[in-house]
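Asker: Attaching a single structure in structure tokens format; questions to follow.
The values are calculated or read from the model by the stated rules, or taken from the named source; none is laboratory data. Please read all numbers here as calculations on a predicted model, not as lab measurements. All Cβ positions, glycine included, derive from the backbone under ideal geometry; neighbour counts span all protein chains shown.
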Amino acid sequence: MKLVEKIVTWARIKSPWILHFNTGACNACDIEIIAALTPRYDLERFGVQLKGTPRHADVLVCSGPVTRQIKDRLLRIYEQMAEPKFVVAVGTCACSGGVFKGCYNVTSGIDSVLPVSAYIPGCPASPNAIIDGVVKLLTSLEAKEEVAAVKPQISGELGPQET
Amino acid sequence: MPNSGHIKVPIGPQHPALKEPESFLLTLDGEKIIHMGVRLGYNHRGIEKACEARSYIQCIYLIERVCGICSHSHSTAFVQAVEEVAGLELPRRALYIRTLIGELERIHSHLLWLGVAGHEIGFDTLLMYTWRDREVVMDLLASLTGNRVNYGLNTIGGVRRDVSEEQKQEILKAIDILEERTKYYVTVATEEITLIQRLSGVGVVSHDDAVRLAAVGPTARASSVERDVRRDDPYAAYGELDFKVVTSDHNDVYGRTLVRVGELMESFSLVRQVVKNMPDGPVTIKAPRKIPAGEALSRYEAPRGEDVHYVRGNGSEKPERVKVRAPTLANVQAVAHMLKDRYLADMAIVVAAIDPCFSCTDRLISVAGAGGRDIMTWDQVRAHGIEWYRRSGVDFTELNRTFSTGEAK
Amino acid sequence: MTAGSVLYSLFYMLIFPGFLFLVVFALAAEYIDRKLHAKLQNRVGPPWFQPLADLIKLAAKEDLIPSNVDPLLFRITPLVALAATVTAFFYLPLWSTTAPFHFTGDLIVVLYLLTIPTVTFFLAGWYSRSVFSMLGAARCIMQLFAYEIPLFLSILAPALLANTWSLSGMAAFYALHPAYAALNVIGLLVAMVSLLGKLEKVPFDIPEAETEIVAGSFTEYSGRLLAIFRLAIGIEMVVGASLIAAVFLPFGLNYGPVAGFALYLAKILAIVCVLALSRTLFARLRIDQMINFCWQVAAPVAFAQLLIDLLVKGVLKS
Amino acid sequence: MRWPGKMVRQVLFSVVRKPATEQYPFAKAPQCERFRGKLAFYAEKCIGCKLCMRDCPADAIEIVKVGDKQFEAHIDMAKCIYCAQCVDSCPKKALEATQDYELAQLTRERLKLVYHAKPPVVPAADNKPEEVAPKS
Amino acid sequence: MSEEETAQTLLQDQFPFLAGKISIQRARRIWAEVPAESVRQVFDFAVDRLKFNQLCTITGLDEGENLAVIYHLAREIGATLNLHTVVPKANPVLYTVSDRFPAADCYERELVDLLGFKVEGLPPGHRYPLPDNWPAGQFPLRKDWDAAILEGIPDKESDNA
């Protein structure tokens, strides 16, 4: 039984299929996400495939501050995904609303709507940063308890790990 | 699919063909599109209002993020307007650098478009190759401005980063590579027969329609409408550079492809000219924090067409009013026209052909569909399906329960 | 029928060259297809275990079944597809002139068994009750009508020449007179094109055109059921390739099992590579273009092939 | 008659050619020197004019007075848009945009960055703020 | 005489009340103050006779007790004519130009929703640009508007606009 679980976890880590959803971003993060799939960065090395339907996807990659209009749809798409599923917030707006904080039609970041498993800041997050984030997420799945995988920052002090 | 009974297909907000959350409701008769409603506004963030609460410097970065692909276009259009209000005379070197980045941005945007167009018609190889080569110009932009996208180069009264001599050499080298690659794509685009079959005759807009619908940018130029702000209303350094406005009389997606590829070639020559005659001197002048009262209109030829920015100052640190008109708004009017009586299979490429940038468009607006219910919830889709069965003689009413996905069987 | 023979057939069906072998083979083929695709696009591509990982991961995911579909049909269609493809495999002579199971007329059976998956795709999509699935299903059937005729015609020709309706019989015939196989080159081309259509690969991936109708018939499928479908498609690729190999490339069937097996693998590999190349090179056709192509180009060419073989046969008779 | 498959030569050539893929994250290519990554703050230079806070488009940075002539910076990397306007605005060069872009974290809290002020007795030998392990 | 000055004189000859109301800001930028009642004639004249046949956009402004609107007209090559006209906030009525420029339709609906203009002759259609669950009488671009009003409203996408 243990072995089976091991194998399944291995399979999950080795084939994350992503669904990309723009929740009101400025396109910058979106083109960088596509760029991460093209030859120079080639996310398929890690088994990542871009899927069109929530049904097939394991990871929901969101970019952009959640606009009032999109919030519903975001939830609905998340519901349509099959367990186990993860949400990755790509870009500063997705992490916190960023520069759009205070615009009357945006909420603040994906985590105001969905549970987020990985934050990838950057405006836009460069393809390398996106790969870095994906790898960190996958390794965290491997080492069940999450934050262990994240290296401490080079300089400066980070906030608390869990609150 | 039996041609009895029309079926409504919601495309988006989440759909593989759209990298942005927009929604088109297609009414299909078999595979033919007989009506299309478009609904934008999923990207509506309310930027214009937010600008009135931010200082000019903060506004630059906000406006830059109206759209990530044409970020330099928007920020330049904005700072041009502000500088005109403030009555600043910019150093020529700054203008040249803006032009340089603008053209590089056009190159990256058009290459991007070529790849996306390939993807939309299932020609992923084209996507892969164009985006691979696009990385060259991305690296260039990164080394010039410090970021691959959202360059943050403009500031009121000039540009934040200068161009060094060795960078000029880099640019010329990169441009040579890109030109050679682009020549290759020209041959592919003009000779690959499966490509041409999918592009030519699709999404036709006649010259008169293009004028009537006020199309801008490559969409208009592909219908032989000579509109190019760079020539009609010169800004930055375009007055001193020589280039020709690329047009095509194909009126269809194929024409738009040719126009964009042609503009790539023009951009290469423009970049070379800029690098060659870039004057020396400072790249920025001291700009006041408080911008005097006044108003200005600024036009800019973004990769997708004409950007229009209107700025009114009131002597404070914050603008009184900022108005943005993005090119896609002018073009989206044409899409419904193009799609009439086309095949569903053409929808993706036709929409892509105007190189839509809905996030620009939606910075404030959301176009309501031309009649009819716009986007259907899944329940509505099902209701439709069942209704449609009944018309074809089968009754599934008892199955018409509300849609619940959570359950695992 | 003795217990021994029963055991033998069981082993044959389940282990080698039956189900297990097929699964491994299909995964390998999918890997080669994807890796080569990536290489052709100047990328690195997936690691060798990728198809396996995908399969296991999907199998371990939850199945979502829309509450307004018929659960039984929704679940059963993937299994039917899988069963049909696997069964078809047993009638193919792989590395000897005789297939494990054969009777006169098994050619027809194989062709129809290979049609069943497409039909199940149609049913799956049609009863998924979502717009995209239904469009995908409709396109499946249209495409079926488009490519089946050329495929049947092109395979009919060699059968006529060999004067038998049994694949094994054909294999035996061409093993005797290999020269005649050279006559069927045109048929080979047509068959390859039809196979592209059958496997729904670019330029004929219209039923699952991602940018138009999301994932076609499979839009509503997830988890285990999707895994089975993917497996069925993978096996269909191998079986289709094996069919073409058996009919059009009947070389080295009587050099004994080892050499024969190696040759067989080589043939399949070659065919898979051609498929990958074509899916790299072309843009997707529109459904109308596809149908026109199949009816106006492929079918007539196949018919020409038929005439050639008939003439040759007449010459032989006299 | 024009045959389809114009890209065939190019495509077949790439089979033998080395892929264009970078080996990231196994081999890290250096960033261009103008790259705007994570912000670094040199407390000993800061004079607390708070121009950075004033110009930040996303109010991601906060300068807190912790003592006489001692300031510490609280930077929210989840808000920062890495425009480096604060670096340009700072009159004393107390802020710098580093090359570090691998900022992904699994929790929002981990994205909050705190640069503590140095006690004035310590000479500002190297421009690095003191290394402090993440408190858990 | 420069292109701009020609346009200026032509306009002033046609409409005497425009004398002194037309300013040339710089090359290719002409601004004109037009009284609300005659804006449509000036507009048509500019489009038909002076060949300002491209409507860039329509900008709406909140000028304290008045609302204002600017029609940005452009020539294929060269100058831009900006017609600025003011209407009282109490009764902000405009006449549509969407019969001349189909694209103007959405610009004008924008004015209606965001600044509370009343545009007469606008073809019937859905409200635009704001979502359907937007509270009535709220015009975000007015200076006195406060985003706090949105707190109570559920964030839903409007399914049938």
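Asker: May I ask you to list the residues in region C:126-142 that are more than 7 Å from every other protein chain (Cβ to nearest Cβ) and among the polar types (S, T, N, Q)?
Answerer: Hits for region C:126-142 are C:128, C:133.
Asker: Between E:68, E:46, which is assigned to a helix (DSSP H, G or I) and hydrophobic (A, V, I, L, M, F, W, C)?
Answerer: Step by step, each of E:68, E:46 is checked, and only E:46 is assigned to a helix (DSSP H, G or I) and hydrophobic (A, V, I, L, M, F, W, C).
Asker: Same structure, new question: Can you name the helices (runs of 4 or more DSSP H) wholly within region D:1-110 that have at least 1 residues being within 9 Å of another protein chain (Cβ to nearest Cβ) and either closer than 25 Å to residue B:317 by Cβ or touching a Pro at 6+ places or on another chain (Cβ under 6 Å) (or both)?
Answerer: D:51-55, D:85-89
Asker: Test residue B:254 against the stated conditions and say whether it is buried (at least 22 other Cβ atoms within 10 Å of the Cβ), aromatic (Phe, Trp, Tyr) and part of a strand (DSSP E or B).
Answerer: No, not satisfied.
Asker: Now a separate question. Within region B:318-325, identify whether any single residue is more than 13 Å from every other protein chain (Cβ to nearest Cβ) and either farther than 19 Å from residue B:79 by Cα or in a strand (DSSP E or B) (or both), and answer yes or no.
Answerer: no
Table: residues versus (1) in contact (Cβ under 8 Å) with a residue 60 or more places away in the chain; (2) in a helix (DSSP H, G or I); (3) not charged (D, E, K, R).
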residue	(1), (2), (3)
C:157	yes, yes, yes
C:160	yes, yes, yes
C:183	yes, yes, yes
C:191	no, yes, yes
C:201	yes, no, no
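Asker: Also, I was wondering about something else. Step by step: first the residues of region E:74-100, then only those that are over 22 Å from residue E:18 (Cβ atoms) and either within 14 Å of chain B (Cβ to nearest Cβ) or part of a strand (DSSP E or B) (or both), then the one that is farthest from the chain's Cα centre (by Cα). Which residue is that?
Answerer: E:77
Asker: Let me ask something else about it. Out of D:41, D:26, which single residue is surrounded by fewer than 13 Cβ atoms within 10 Å (Cβ to Cβ) and either aromatic (Phe, Trp, Tyr) or without any contact (Cβ under 8 Å) to a residue 60 or more places away in the chain (or both)?
Answerer: D:26
Asker: Taking the criterion of being among the hydrophobic types (A, V, I, L, M, F, W, C), buried (at least 16 other Cβ atoms within 10 Å of the Cβ), closer than 26 Å to residue B:51 by Cα and without any contact (Cβ under 8 Å) to a residue 24 or more places away in the chain, would at least one residue in region D:62-82 satisfy it?
Answerer: Within region D:62-82, one or more residues are among the hydrophobic types (A, V, I, L, M, F, W, C), buried (at least 16 other Cβ atoms within 10 Å of the Cβ), closer than 26 Å to residue B:51 by Cα and without any contact (Cβ under 8 Å) to a residue 24 or more places away in the chain.
Asker: (1) in contact with a helix residue (DSSP H, G or I) (Cβ under 9 Å, 6 or more places away or on another chain); (2) modelled with pLDDT under 85; (3) surrounded by 23 or more Cβ atoms within 10 Å (Cβ to Cβ): which one isn't true of residue B:99, the others all being true?
Answerer: Single failed check for residue B:99: (2).
Asker: Would you call residue C:94 crowded, with 20+ Cβ neighbours inside 10 Å, within 26 Å of residue C:278 (Cα to Cα) and either touching a residue at least 24 places away in the same chain (Cβ under 8 Å) or within 14 Å of chain B (Cβ to nearest Cβ) (or both)?
Answerer: yes
Asker: Mind listing whichever residues of region B:257-283 are in a helix (DSSP H, G or I) and either aromatic (Phe, Trp, Tyr) or in contact with a strand residue (DSSP E or B) (Cβ under 7 Å, 6 or more places away or on another chain) (or both)?
Answerer: Within region B:257-283, B:268 is the sole residue that qualifies.
Asker: Mind checking which residues of region A:1-17 are more than 7 Å from every other protein chain (Cβ to nearest Cβ), in contact (Cβ under 8 Å) with a residue 60 or more places away in the chain and not polar (S, T, N, Q)?
Answerer: Matches in region A:1-17: A:13, A:16.
Asker: Checking the structure you have, find out if any residue of region A:57-80 is charged (D, E, K, R), within 7 Å of chain B (Cβ to nearest Cβ), under 27 Å from residue C:208 (Cα atoms) and in contact with a helix residue (DSSP H, G or I) (Cβ under 9 Å, 6 or more places away or on another chain).
Answerer: Yes, because at least one residue in region A:57-80 is charged (D, E, K, R), within 7 Å of chain B (Cβ to nearest Cβ), under 27 Å from residue C:208 (Cα atoms) and in contact with a helix residue (DSSP H, G or I) (Cβ under 9 Å, 6 or more places away or on another chain).
Asker: Another question about this same structure. Filter region A:1-30 down to residues that are touching a His at 6+ places or on another chain (Cβ under 9 Å) and not in a loop (DSSP other than H, G, I, E, B), then give me how many there are.
Answerer: Total meeting the criteria: 3.
Asker: Follow-up. Tell me yes or no: at least one residue of region A:39-56 is free of Cβ contacts under 8 Å to residues at least 60 places away in the same chain, at the interface with another protein chain (Cβ under 8 Å from one of its Cβ atoms) and under 30 Å from residue B:59 (Cα atoms).
Answerer: no
Asker: Can you find, within region A:64-87, the residue that is modelled with the lowest pLDDT among those that are touching a Phe, Trp or Tyr at 6+ places or on another chain (Cβ under 8 Å) and not in a helix (DSSP H, G or I)?
Answerer: Once the filter is applied, the top-ranked residue is A:67.
Asker: Here are the criteria: (1) out of contact with any Asp or Glu (no Cβ under 7 Å at 6 or more places or on another chain); (2) modelled with pLDDT under 80; (3) closer than 24 Å to residue C:276 by Cα; (4) part of a helix (DSSP H, G or I). Tell me which single one residue C:136 does not satisfy.
Answerer: Only one criterion in (1) out of contact with any Asp or Glu (no Cβ under 7 Å at 6 or more places or on another chain); (2) modelled with pLDDT under 80; (3) closer than 24 Å to residue C:276 by Cα; (4) part of a helix (DSSP H, G or I) is unmet by residue C:136, namely (1).
Asker: Here is a further query. Select from region B:117-161 the residues that are of a type in the set (Val, Ile, Thr) and closer than 24 Å to residue B:179 by Cβ and write down the one among them that is farthest from the other protein chains (Cβ to nearest Cβ).
Answerer: Among residues in region B:117-161 that are of a type in the set (Val, Ile, Thr) and closer than 24 Å to residue B:179 by Cβ, the one farthest from the other protein chains (Cβ to nearest Cβ) is B:137.
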